[in-house]
Amino acid sequence: MRKAITLFALLLAIFSLQASAQDRQITGKVISSQDNLGIPGVTVLQTGTTNAVVTDIDGKYSITVPTTAKQLTFSSMGMKTQTVELGTSNSIDITMEMDAKKLEEVIVTANAITREKRSLGYATQQVTSTELRNGQNTNVISSLQGKVSGVNVSSNSGAPGSSNRIVIRGGTSLTGQNQALIVVDGVPINNSNFRTNDGRNSSTSDDLNNQVDYGNRGNDINPDDIESVSVLKGPAAAALYGSRASNGAILITTKSGKRVTAGAGKSKSDITFNSSITFSNVLMLPEFQNQFGQGDVDNVFNDRRENFSWGLPFDGALRPWGQEINGQQRIKPYSAIEDNTKDFFETGITTTNNIALSGGSEKSSYFLSIGATNSNGIVPTSSYDKYNVRFNGSTDLSNHFSTSINVNYTNISSVLPSGGQKEASIYDQLLQTPRDIPIVESRDLDNVFNGYNDLTHTYGFYGAYALNPYFTLNNFKNTNDVDRVIGNFTVSYNQFSWMTITNRFGGDVYTDRRYQKWKKYNYAPIDPFYAGNDQIFQGKYSEDLYNNVGYNNDLMVTFKRTFSEKIKGTLLVGQNIRQNTLTNTFAQTNAQGGLSLPDYYNLQNSNGAALVANNLTKTRNMGYYADLNLSYSNYLFLGITGRNDKSSTLPTENSSYFYSSVNGSFVFSELLKEETRDKILSYGKIRASYAKVGNDARAYVTSDKYAKTTIDGGWGSTTFPLGTVVGYSVFDQLGNPDIKPEFTTAFEIGTELSFFKDRITIDFSYYQNKSTDQIIPLALPASAGYTSKIINTGEVQNKGIEIGLRGTPILTKSGLKVELYGTYTKNTNEVVSLYEGVDQLVIGGFSGMAIVAQVGKEYGAFYATDLLTDPSGNVVVDPSTGLPRLSTNLVYKGSYQPDFIASFGTNVTYKGWTINALFDMKQGGKYYSRNKDLMDFVGTAMETTTNNREDYVWANSVVENPDGSFSPNTTPFHQYDYFTAVIPNGQHLIDASYVKLRELSIGYTFPSKWLAKTPFGSASLGVFGNNLAIWTAEENVYGDPEQNSSGSSNAQGFDYSSNFSQSNYGVNLKVTF
Amino acid sequence: MKKNKLTIKVLVLGAILVGSVSSCKKDYFDINTDPNYPANADVEQLLPSAEAAIAHVIGNNFQIVGGLYSQYWTQSPASSQYKIYEQYSPAASDFDFPWQIMYSDALFDLKTIDTKATADGRLQYAAISKILTAYSFQVLTDNFGDIPYSQALQGGEGVLSPKYDAQEAVYNGIISTVKAGIALCDENAEVHPGSDDLIFGGDMYLWRKFGNTILLKMYLRLSEVNPTLAQQGISELDVNAAEFLSYEESAKINYISQGGNTNPLFSAIQELGSTQNLVASATTIDYMSDANINDPRMEVLYQPALNGSYVGLPQGLYTASASTPTAYPGLITGGYAADETSALAPVVFLSGSESFFLQSEAAARGWLASADAQLNYEAGIEESFTTLGFTPTDISDYIAQTAIAYPAAGTTQDKIKAIITQKWLSLCGTEGIEAWAEWRRTGYPDFFVVSANSLLGPTIFPARLLYPSAEVTRNGNFPGQKLIYDKVWWDVN
């Protein structure tokens, strides 16, 4: 029967062609109801035929139809299709309306398969290019902040290339990856964020003295190349990607050229030029005290060498300061320099230029873009330059094959500042500067009072305990070069309407090269008063080279079948192969001896044996999967997936594992009366899903091994060979030959509702994720002979709700449209179990402040030494000093998990104008602020001036009586003693809540009639900003809680004096030719 | 019909594609052998690792706390690294590194050596491993009291939370371990270590003497808590005519100036930006420079202050002005950062001088009948002086002083006081942790002062180290944290 219909249609077509002798020409214009401007690219079709044209740039068209033609159909993506009866007139102008619902209907899902959103039984959300680019953020992941419910994005500093972390529905893995998988055009890409010691022998936490944010590789994609981003929130959505997608997936679809509908004749080409200039400033500086200046021991000793601001109160009197050199000494008023730190930072300038060419014919299309981002950071001497080239092309071959190719090349070179502590850390130097010592004046290093002399080996800088920050900038260089190619090649065969065969091969190849050149020096102070305070550093040169080669191949066969008029089905079966090879070569001059000669940065110049290590990690996986989707009458949908993976990282007998998912959706609004849908509930759907995803282990954890001996004593180390004697030791981690795959199960229900012709839409989900049998390195007491053992254990649970709301309260005929939207996410995380007899697993921090997974607590709990309290919560003090006593053990101090995340935004459009604003917030959670720790210690923090630094009795403090009871304390304490010696790390864990004005932009699109006589097809101009303002919790006057020293690792909420975050604002111009 | 044929073709093509990749070689997934680490290492590589690990702890982490609590050194007012020790409030986490190095680096490698060497008959390696195992456990138990012992180092056998044994049981265990090690020592064995033995270069005669001296040290440590056992054990040594370490026979490791191969304390100071946190304590400087003592070793054991004087800072007075002149630890201790000669300072496990003082004490107590207390006392002083480069005249001048001469006519307690005080001087800057243990056992020297910044009040001294925080959080059988002034089992006075 079907055959007959096809034949009939063919005959019809032939018939219509034969009839072409008797034609009429119809002309007209298609305009938009929104702005009354012409709409280019609308398909004008003679109804029931294949005869069609498209409108030109002004929305005009001309179509020749036979006199027998009855109707014309006007259609365009995102517009409501219209059919117009042909009358006698040969001129037909029409007005088309936006079809908001239709725009959202189609969504990119796993393996780049486009699906109708209504058919999905799990939560997804798509962000369009326009929405993504509102704030002109140079980092793709950061651009998602506040736009998708259930998604927790943390951006480290907001600087181009800085790292960020994206976690969907809370973390489930105790020690593994918790970030969402990033997929570009159907191929997963590497989003590594190697920290100082990662990828090498050591599995220790980051080196606190060497904190450079090299960014995470997910940000290598050029945001201007992105067409849309879909977020698949749960493992159900991502079952087809296998293990790596157990944390959800971010599916990025890049732009492609537009094909021209058959019969249109001429091809249309597009050139888009997008340029912006962005200015950056520090978003939030710590709040400094301006009452007391340089000095030590609480106003008693006025020491010119001090980095302490524990001196006398400011009196404005002229006082000598710094070293006495050649009988001279500088003099300045003894008063606070309020903007001292602020003035150190510069206005960062970033220019972004992007040109994209696209075009297409009936059977082919292409897209080519070239982008450049050139940035000078807010820290003097820092810079970041990124270049992107992308080519996307597709073509249909004659013999039922179609092919497409996407290739992206990225080149990054940057000069990055160091955070953390000690010589190389710029922030360390800044935060320690006494409040009266002018920082900016120390810029001139040739001035003997500021500088360090390599000939005489002397220094004249005032500070004996900190370096001139400009010296640090000029002599501690961290550079990074990245070259990356990501691409995929797809071939499809579709001779039959019921089956398609597709093979997609993707490759991701990059090198990430890091160099550190840290100066060797040995300076004695010139002033004899400073004697004994030599500035000595051994210097360092290091090369840290990462080379990653990943490939991924999917072979998929899709079958479609219509069982009856109402029941339809598709079945996809596929096979996936992937391999990843990471090589790291690390070489550094001797850790202790440093450089032999100063200023010569080469491994040959190592004083003592150079430290060299190379590391190779290779993994292979193969999966077979199937995805069955059934629909009934376009309102009932069912999806079932299954997958079997085999992984090289698991022991042979456990290396193959199966998992599956099921999901369903019911679009109940289809059953409502037409009238109800028109007036009240225009769309309503409920959905539910259950999924299980398996995951493998890291490479090489199944066996025991030995390692070259390095004895690390915390400070100081002994490394082998010792002289010529070779040393090896038993590796500290006990391997496990019986390891099994770990599993995450997820259940979710949700609804999507749309009221009053889509004026209000709601998307709600409740989910419950549970991760079991996790593969973790269980920390062992060293007395067991090992420090960790790889085991299967532990369970982490996440429960939560996500709400996405969107409403259009104002929509006028004149074209004013005000749209409001918001998201709310509340996730409750709990570590349910770890291992018998073990209830804590350390994931980060340092001695005295651990970030842990603790049974019964949320993942990422802080444990720290804190003030000792009595049973009623009063602080217990020492009766002789009045100073608080400290807890002997680490105590629970909250976690980095926020109570909830929310956002609120608006889009206003009127004629050519658009205004977007987006606020987002995280409420609750804690973070460790080393800025606070350091500022308390040196006396620059506001809280060190309580009671004008006079001794006082700790509020509600008690003393412990010999019988164990407590009585009120009356002994006042000395604040200097408290802040310089007693204050425990628990006091530096502070409220991480914030509200940010994440994005604000105002744009204007010039009316096309203005451009008629110019070469431009369209032109728009905008001002934008991101990360513009922040409001923090009252106790947090120390910095943006998003600042983080651990990159995108699991050790979040840890600001060990990392880069200050920045606000960005600028102007953007976009024109098309 | 044609259509069906095509379908079959396509399906066959698909099947081939799928099949071809899945049926690839059987070892396609067999790539999980770590190419970055060796799967095996032998006793020749394990022995120097273990020795250097012990040396790192006693020469760095414990040298610092031992140097402070033996009042050789104190925290400089110009810096802050060790304030918490002077406050007598170190954090549990301060002891994570030494504990971990001792157990998972030193002791576990020693256990592996013992297993391998015993299995293939290289018994001299087994002997050394037993002697060093006993030595290491004594260092641990002396400082932490009850420790994991009988169940320790068995993570590979599934004991992930070893139970703690009473210190007495640990002592019983290590005494028999060191005896077993001594029994294996064979100077004529064909297979023995060479340069891979950093301490004695494979000289098994010295290892036997070292073993005997350790045994003597262990018994004497029990002099107050179990004098019967101490006396028995020492008499047994005497009966067996045990030989002890003698002149120029210190058990020590030498270092070189190459980065990573330097004295561990120097390495730590250098890593701290060469900040001179450690300065001379007035307790020792004042004693040595006393008009009745006139100890010339002061000028070697300490570097003078920048003004050239030898002046110590009152113990714990880091709150003094940062510009207070102070002397510094001497180059021989590895504790003076500004002179690279410090890098070459050896780490001493047990010195020849210490051996003489041990014999002297045992003799003075009447437990080592064959030895003469006074001769050994003077030999101990002599060896200490000689090691530091002094001439015989310097030595005889020193010993001739009334305050120094052996109190042959005094009570046993007078003799012990003289011996231990001299031993304390001989351990200055090189075996701080041992000197502190001996002070805790005997109460000598009797002129220690409470740190000026103690948080424990004017009468309390620290009497142990705290269990490390990793043990608190990771060991299911952890018995509970102790207070820093809780005494260990053998510390009964």
With each pseudo-label sitting 7 Å past Cα toward Cβ, what's the B:Glu157-A:Gln291 distance in nm, one decimal? 6.3
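For every helix of n ≥ 4 consecutive DSSP H residues, a contribution of -39,500 (n - 2.57) applies; sum these over chain A, divide by its total residues, and give [θ] at 222 nm rounded to the nearest 500 deg cm²/dmol. Walk me through the numbers on the way to the answer.
Working: 11 runs with 74 residues, N = 1073.
Taken over chain A, the calculation gives -1500 deg cm²/dmol.
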Roughly how many Å is it from the Cα centre of the range B:75-145 to that of the range A:586-630, as a whole number? 30
To the nearest Å, what is the center-to-center distance of the range A:845-902 and the range B:320-379, using C-alpha atoms only? 42
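Can you give the FRET efficiency to the nearest 0.05 for A:Ala531 and A:Gln923, using r as the Cβ-Cβ distance and R₀ = 51 Å? Before the final figure, lay out the partial values.
Numbers: r = 53 Å, r/R0 = 1.05.
FRET efficiency, A:Ala531 to A:Gln923: 0.45.
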Distance from the Cα centre of the range A:404-469 to that of the range A:660-677, in angstrom? 62
Cβ-based exposure ranking for A:Tyr452, A:Tyr427, in which fewest neighbours within 10 Å come first: A:Tyr452, A:Tyr427
Is chain A rounded, prolate or oblate when judged by the Cα gyration tensor, a ≥ b ≥ c being the square roots of its eigenvalues, rounded requiring a/c under 1.5 and prolate requiring a/b larger than b/c? prolate
Stretch in chain A that is longest and holds no GluC sites (Glu not before Pro) that DSSP places in a loop and that have at most 16 other beta carbons within 10 Å: A:566-835
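Could you work out the helix-only [θ] at 222 nm for chain B, with each DSSP H run of four or more residues adding -39,500 (n - 2.57) and the total divided by the number of residues, to the nearest 500 deg cm²/dmol? Don't skip to the answer; put the middle values down first.
Numbers: 19 runs with 223 residues, N = 493.
About -14000 deg cm²/dmol.
Counting Lys and Arg as +1 and Asp and Glu as -1, what is the net charge of the other residues whose Cβ lies under 13 Å from the Cβ of A:Phe505?
Details: positive: A:Arg504, A:Arg578; negative: A:Asp185, A:Asp508, A:Asp554.
Net of charged neighbours comes to -1.
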Label point distance in nm, B:Val449-A:Ile686, each placed 7 Å from Cα along Cα→Cβ: 8.1
Rounded to the nearest 0.05, what FRET efficiency is calculated for A:Arg513 and A:Ile349 with R0 set to 35 Å and r the Cβ-Cβ distance? 0.85
Mind listing the long-range amide H neighbours of A:Lys520? Cut-off is under 5 Å, sequence gap 5 or more, other chains count too, H placed in the peptide plane at 1.01 Å from N. A:Lys540, A:Asp599
Which residues in the range A:614-643 have a backbone N closer than 13 Å to a point placed 7 Å from the Cα of A:Glu116 along the Cα-to-Cβ line? A:630-638
For A:Met79, A:Met935, A:Met942, B:Met298, which order do you get if you count the other beta carbons within 10 Å of each Cβ and list the fewest first? A:Met942, A:Met79, B:Met298, A:Met935
Note: B:Asp486 to B:Thr459 extended length (0.36 nm per residue) minus current alpha-carbon separation gives 8.3 nm
Could you compute the FRET efficiency for A:Leu597 and B:Ser80, with r as their C-beta to C-beta distance and R0 at 41 Å, rounded to 0.05? 0.80
Cross-link partners among lysines for A:Lys740, C-alpha distance below 22 Å, same-chain residues fewer than 8 apart left out? A:Lys618, A:Lys646, A:Lys692, A:Lys705, A:Lys770, A:Lys789, B:Lys26
May I ask you to derive the relative contact order of the range B:300-406, considering only C-alpha pairs under 8 Å and at least 6 residues apart, and to give it as an integer percent? 17
Sort A:Ile331, B:Ile332, A:Ile349, A:Ile439 by Cβ crowding within 10 Å, fewest neighbours at the top. A:Ile331, A:Ile349, A:Ile439, B:Ile332
So if I average 1/r over every pair of distinct C-alpha atoms in the range B:352-493 and take the inverse, what Kirkwood radius in Å does that give? 17.1
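By DSSP, what percent of the beta bridges with both residues in the protein assembly as shown are antiparallel, rounded to the nearest 5?
Numbers: 400 of 418 bridges.
Around 95 percent antiparallel, to the nearest 5.
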Only Cα pairs under 8 Å and at least 6 apart count here; give the relative contact order of chain A as a rounded whole percent. 11
So, with points 7 Å from each Cα along the Cβ direction, the A:Leu628-A:Val549 label distance in nm works out to 4.1
Degrees between helix A:2-18 axis and first principal axis of chain A (Cα, 0 to 90, nearest 10): 70
Once both axes come from the Cα atoms, what is the angle between helix B:227-239 and the longest principal axis of chain B, in degrees from 0 to 90, rounded to 10? 90
Give a residue-ordered list of calculated ³J(HN,Hα) values for the range B:378-395 (Karplus: 6.51 cos²θ - 1.76 cosθ + 1.60, θ = phi - 60°; whole Hz; x for Gly, Pro). 5, 5, x, 4, 4, 5, 4, 5, 4, 4, 8, x, 8, 8, x, 4, 3, 5
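Let me check I've understood the local charge: for A:Thr68, count other residues with C-beta under 13 angstrom from its C-beta, Lys and Arg +1, Asp and Glu -1. What total comes out? Please list the in-between numbers first.
Values: positive: A:Arg24, A:Lys70; negative: A:Asp23.
That sum, taken over residues with Cβ under 13 Å, equals +1.
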Tell me, what ³J(HN,Hα) does each residue in the range A:1003-1015 have, in order and in whole Hz, if you take phi through Karplus 6.51 cos²θ - 1.76 cosθ + 1.60 with θ = phi - 60° and put x for Gly and Pro? x, 9, 9, 5, x, 5, 5, 5, 9, 3, 9, 9, x
Diffing the range A:470-485: the Karplus 3J(HN,Hα) column from phi (6.51, -1.76, 1.60, θ = phi - 60°), in whole Hz with x for Gly and Pro, holds 6, 5, 4, 4, 7, 10, 10, 10, 10, 10, 9, 10, 10, 10, 9, 10
What is the set of long-range amide H partners of A:Ser957 at a cut-off below 5 Å, with H atoms built 1.01 Å from backbone N? A:Asn969
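FYI, it's all coordinate maths here, none of it is from the lab. Since we're looking at a predicted model, the values are computed, not measured. Cβ: placed from backbone, ideal geometry, glycine included. Neighbour counts: every protein chain shown.
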